[in-house]
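The values are calculated or read from the model by the stated rules, or taken from the named source; none is laboratory data. Because the structure is predicted, anything quoted here is derived from the model rather than measured. Reconstructed Cβ throughout: ideal geometry from the backbone, glycine too, with neighbour counts over all protein chains shown. Side chains are part of the model used for accessible areas, which takes the heavy atoms of the whole protein and leaves out ligands, DNA and RNA. Shrake-Rupley method; radii C 1.70, N 1.55, O 1.52, S 1.80 Å.
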Number of protein chains: 2
Amino acid sequence: EAHLSFGGTQGVYTHTSSAVSGEMELSVYVPPQADTLNTGEKLPVLFYLSGLTCTQENVTGKGGFQQTAAELGLIIVCPDTSPRCTGYAGEDDDYDFGSGAGFYLNATESPWSETYKMYDYIVDELPALIAENFPIDTDRMGVFGHSMGGHGALTIGLRNPDLFKSISAFSPIVAPSLVPWGQKAFTGYLGKNTDAWAEYDATALMKVGHRSAAEILIDQGTADPFLAEHLQPELFAEACVKANQPLQVRMQAGYDHSYFFISSFMADHLQHHAKTLMSG
Amino acid sequence: EAHLSFGGTQGVYTHTSSAVSGEMELSVYVPPQADTLNTGEKLPVLFYLSGLTCTQENVTGKGGFQQTAAELGLIIVCPDTSPRCTGYAGEDDDYDFGSGAGFYLNATESPWSETYKMYDYIVDELPALIAENFPIDTDRMGVFGHSMGGHGALTIGLRNPDLFKSISAFSPIVAPSLVPWGQKAFTGYLGKNTDAWAEYDATALMKVGHRSAAEILIDQGTADPFLAEHLQPELFAEACVKANQPLQVRMQAGYDHSYFFISSFMADHLQHHAKTLMSG
């Protein structure tokens, strides 16, 4: 499936993932600049990680990234949020656990540990797969995302700063160990030993020395119904200040948690990544 | 339901329609300029008519009109495509007849004639309803749409040039009397007397003297799978040339029938309407 969009190509693809042992769907936007590359020339790429309940389809249809990606010459990759159709009991029961809620970690609790390896999928498998099939410059990769995907972007970016050189997030979960969404998911996927949780907690990672060389950008709507209970960006902001990590948190007055919020600031996020990835 | 979007408000509303005798959902985008109007000052408004199978939700989420509407100060109203839940036999059987396929006409065949009065709904009821609830300037209204909604925009605009001063369409059905989608719908809603069809056929209307004072804009993708069988914009173009109706048909190479096509040229359409509606 491929659609022309702002002069580039918005594709949707399915592949068999070794990391999660199953079929995975993802979308890839290739901007018009790809048609006129010189030999060996490649384009920077951003990986967008979606939030709870989403597939690639939500942000691909509603995120509005294609216009600015076409202007800047960015490839945008949007993976799914979990393995699908595993057959595990309870897989589809909750919106915040199981299908659509992979939390970008490697599960260690049975049965999830068999296939819920979204961390490995995003960090190891996906960049290699995309590099085989699209003209991406693997030295110019950034990661961003929304809500659970903002958590994914922060943790994956902070743990792999040589791989992902720029990070941003829309209304991210920044301290999953301390909030209900994260506690439920981490208990189910990682067990009750909270030591294991710290590897997947952006605020905890910041406290033990993980860094991004570039400034991190976070946009957060003040009318977001999940702000006080699940998101609490101030916890991450405080850790960044103490760690001297450059961070810009923009509290956007009146905006909520929806794609209307994401699309309103999408262009800013692409510009943020381009500033780092295209400065060389 | 209301979301902040590009500084304006994207609302979704339900009301009881007298024209179609039932509940109707619609979306209204109000740009940020509405917050600082002087007394008596009003904003131009565009009515967007969606295509087969759609509700207001598709274009509201995927059309990408909010950014340019916010820049230009346009109110955008997106109604549904048919009455819903009428209980008529076969209402939900076909994607191209009944629910989601109202064709913006007043049905005369039973039972559809009871409620399928989408022409009256768009022309009479909706502008009055919107004017009661939002600061629209009823002297500066435009109409546009996609596919079946492009047909609606052309026919409603041409029959009511004093009401809708600007018209545009994405991949419209321009000669429904001559193509399968239109023939099926018109037979079902209007009966077999094809004389009644001409009132809802843009090409036929152009031939008998209906006009728009402003240039009409049509964008049509060359990779649109419905182009040859259902759309055939050349039929309308030929009638416009003969009638001296200013028309610009832009054949967009490689684009299909999807919202990826619509969103790629949405800004151009809003600019097209603004040229007429904001020139005074």
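Output yes when any residue across segment A:186-198 is under 25 Å from A:T138 (Cα atoms) and away from chain B (no Cβ under 14 Å), and no when none is. Looking through segment A:186-198, none of the residues is under 25 Å from A:T138 (Cα atoms) and away from chain B (no Cβ under 14 Å). Among the residues of segment A:58-72, not a single one is away from chain B (no Cβ under 11 Å), of a type outside the set (A, V, I, L, M) and not in a helix (DSSP H, G or I). Do we have any residue at all in segment A:257-265 that's more than 14 Å from chain B (Cβ to nearest Cβ), part of a loop (DSSP other than H, G, I, E, B) and not polar (S, T, N, Q)? Checked segment A:257-265: no residue is more than 14 Å from chain B (Cβ to nearest Cβ), part of a loop (DSSP other than H, G, I, E, B) and not polar (S, T, N, Q). Restricting attention to segment B:217-249 and to residues that are in a strand (DSSP E or B) and either within 14 Å of chain A (Cβ to nearest Cβ) or in contact with a Gly (Cβ under 8 Å, 6 or more places away or on another chain) (or both), the residue that is farthest from B:V143 (Cα to Cα) turns out to be B:G221. Being away from chain A (no Cβ under 14 Å) and surrounded by 23 or more Cβ atoms within 10 Å (Cβ to Cβ) is a description that does not apply to B:P111. Evaluate segment B:86-102: report whether one residue or more is buried (at least 23 other Cβ atoms within 10 Å of the Cβ), among the hydroxyl-bearing types (S, T, Y) and assigned to a loop (DSSP other than H, G, I, E, B). No, segment B:86-102 contains no residue that is buried (at least 23 other Cβ atoms within 10 Å of the Cβ), among the hydroxyl-bearing types (S, T, Y) and assigned to a loop (DSSP other than H, G, I, E, B). What about A:Y119, is it of a type in the set (S, T, Y), closer than 20 Å to A:V45 by Cβ and open to solvent by 10 Å² or more (accessible area, probe 1.4 Å)? So A:Y119 fits the description; yes. Where residues in segment B:141-180 are part of a helix (DSSP H, G or I) and either in contact with a Lys or Arg (Cβ under 6 Å, 6 or more places away or on another chain) or closer than 14 Å to B:P233 by Cβ (or both), which of them is most open to solvent (accessible area, probe 1.4 Å)? If we take residues in segment B:141-180 being part of a helix (DSSP H, G or I) and either in contact with a Lys or Arg (Cβ under 6 Å, 6 or more places away or on another chain) or closer than 14 Å to B:P233 by Cβ (or both), then B:L178 is most open to solvent (accessible area, probe 1.4 Å). Number of residues in segment A:225-242 that are within 15 Å of A:S147 (Cα to Cα) and buried (at least 21 other Cβ atoms within 10 Å of the Cβ) equals 4. When you look at B:G188, is it outside any loop (DSSP other than H, G, I, E, B), crowded, with 22+ Cβ neighbours inside 10 Å and in contact (Cβ under 8 Å) with a residue 12 or more places away in the chain, yes or no? For B:G188, the condition - outside any loop (DSSP other than H, G, I, E, B), crowded, with 22+ Cβ neighbours inside 10 Å and in contact (Cβ under 8 Å) with a residue 12 or more places away in the chain - is not met. Being part of a helix (DSSP H, G or I), touching a residue at least 60 places away in the same chain (Cβ under 8 Å) and open to solvent by 10 Å² or more (accessible area, probe 1.4 Å) is a description that applies to A:E125.
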